[in-house]
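First up is the structure itself, then whatever we jot down about it.
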Amino acid sequence: MIQTNYPPQHVAIIMDGNGRWANNRGLPRLVGHEAGGKNIRPVVKIFADYGVKYLTLYAFSTENWTRPRAEVAGLLSLLGKKIDQETQTFHQENIRLVHLGRLDKLSNRLREKMKAAVELTKNNTGLTLCLAFDYGGRDEIVQAARRMAGAGIPGDNIDESVFARYLYTTDIPNPDLVIRTGGETRLSNFLLWQAAYSELYFIPVLWPDFGHKDVEEALSEYRRRQRRFGKI
Ligand code: IPE
Ligand code: IPE
Ligand code: MG
């Protein structure tokens with residue numbers, strides 16, 4: 001049976017392989033991150049043109065802080081640059097920006113930039129673009145539990161739908177399709193709760209090289225999948 005949930009409402013991407021992309025060219029890893037950053041706008045456009053309503057991009061995990069300081073600093077500065085360069089255009093394109101993850105470890109400047117971009121675009125009605133930055137699935141679940149406890153919610157009142165409202169993804173539907181570039185076949189702490197029934201798609205293409213043909217293949221593979229959600 002061919003599935004009818006097409007195009008997927010929400011696609012989430014683990015943008016992996018920037019370091020290897022640079023390595024293959026004898027370039028510093030940060031050049032790979034820059035190339036990866038440049039690929040965001042065109043990929044957003046491709047998915048929007050296919051009718052995808054929510055696109056989530058995994059840009060920095062809670063574990064990525066353990067990378068060498070210079071790489072972490074480079075990634076943080078790249079985030080700031082991208083927000084500066086892209087926010088106005090995203091806004092003009094009616095894109096709503098959402099941040100998934102922690103803000104408390106970012107510098108005040110970067111935190112304010114991120115908040116301002118989210119605030120500026122919050123009423124936009126086109127594609128919702130979720131940027132997972134300093135995001136970890138386990139961290140998200142722990143933070144949700146802490147916030148529920150802090151709000152004094154009695155244990156008996158907590159069910160899956162209440163829990164889900166306390167996640168960073170509050171009003172974002174679960175991803176239908178999770179794509180990972182770069183060839184690794186793991187989730188690396190991405191959307192652990194939300195991806196419970198997502199279709200998973202792993203490809204060797206490195207993130208800076210991910211383009212139209214790859215999107216087309218991922219979507220046609222998704223179209224062939226039969227999602228059962230435990231039913232027969
Ligand atoms: C993904 O690319 C970007 C981040 C994790 C920030 P990597 O930097 O992990 O690239 P590889 O996996 O080393 O090639
Ligand atoms: C996952 O990539 C995180 C992002 C793409 C932001 P990693 O390169 O950090 O994942 P591992 O370490 O290979 O699992
Ligand atoms: Mg990697």
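Overview of results
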read-out: Matching residues, region 169-211, being within 16 Å of ligand 1 (Cβ to nearest atom), farther than 22 Å from Gln143 by Cβ and touching a helix residue (DSSP H, G or I) at 6+ places or on another chain (Cβ under 8 Å); value: Ile179, Thr181, Gly182, Ile203, Val205, Leu206, Trp207, Pro208, Asp209, Phe210
read-out: Test: residue in region 30-43 that is without any contact (Cβ under 8 Å) to a residue 40 or more places away in the chain, within 16 Å of ligand 3 (Cβ to nearest atom), in a helix (DSSP H, G or I) and more than 19 Å from Leu200 (Cα to Cα); value: yes
read-out: Some residue of region 215-225 being at pLDDT 95 or above, small (Gly, Ala, Ser) and in contact with a Phe, Trp or Tyr (Cβ under 9 Å, 6 or more places away or on another chain); value: yes
read-out: Meets criteria (more than 18 Å from Leu55 (Cα to Cα) and under 15 Å from the mean Cα position of the chain (by Cα)) for Glu160; value: no
read-out: Enumeration of residues in region 174-194 that are over 14 Å from Tyr54 (Cα atoms) and more than 12 Å from ligand 2 (Cβ to nearest atom); value: Leu192, Trp193
read-out: Qualifying residue in region 58-80 (condition: surrounded by 16 or more Cβ atoms within 10 Å (Cβ to Cβ), among the acidic types (Asp, Glu) and in contact (Cβ under 8 Å) with a residue 40 or more places away in the chain); value: no
read-out: Scope region 17-55; condition surrounded by 22 or more Cβ atoms within 10 Å (Cβ to Cβ) and within 11 Å of ligand 2 (Cβ to nearest atom); matching residues; value: Gly17, Asn18, His33, Gly36
read-out: Gly136 vs. criteria in contact (Cβ under 8 Å) with a residue 24 or more places away in the chain, in contact with an Asp or Glu (Cβ under 6 Å, 6 or more places away or on another chain) and not polar (S, T, N, Q); value: no
read-out: Test for Glu140: is it of a type in the set (Asp, Glu), at pLDDT 95 or above, within 16 Å of ligand 1 (Cβ to nearest atom) and surrounded by 11 or more Cβ atoms within 10 Å (Cβ to Cβ); value: no
read-out: Those residues of region 1-29 which are within 15 Å of Val205 (Cα to Cα), in contact with a Phe, Trp or Tyr (Cβ under 9 Å, 6 or more places away or on another chain) and not charged (D, E, K, R), in sequence order; value: Ile13, Ile14, Met15, Gly17, Asn18, Trp21
read-out: Breaking point among (1) touching a residue at least 24 places away in the same chain (Cβ under 8 Å); (2) in contact with a helix residue (DSSP H, G or I) (Cβ under 9 Å, 6 or more places away or on another chain), for Arg165; value: (1)
read-out: Residue match in region 87-100 (condition: at pLDDT 95 or above, closer than 17 Å to Leu206 by Cβ, touching a helix residue (DSSP H, G or I) at 6+ places or on another chain (Cβ under 7 Å) and not polar (S, T, N, Q)); value: no
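The values are calculated or read from the model by the stated rules, or taken from the named source; none is laboratory data. Predicted model only: the values in this text are computed from it and were never measured. Note that each Cβ is placed from the backbone with ideal geometry, even for glycine, and that neighbours are counted across all protein chains shown.
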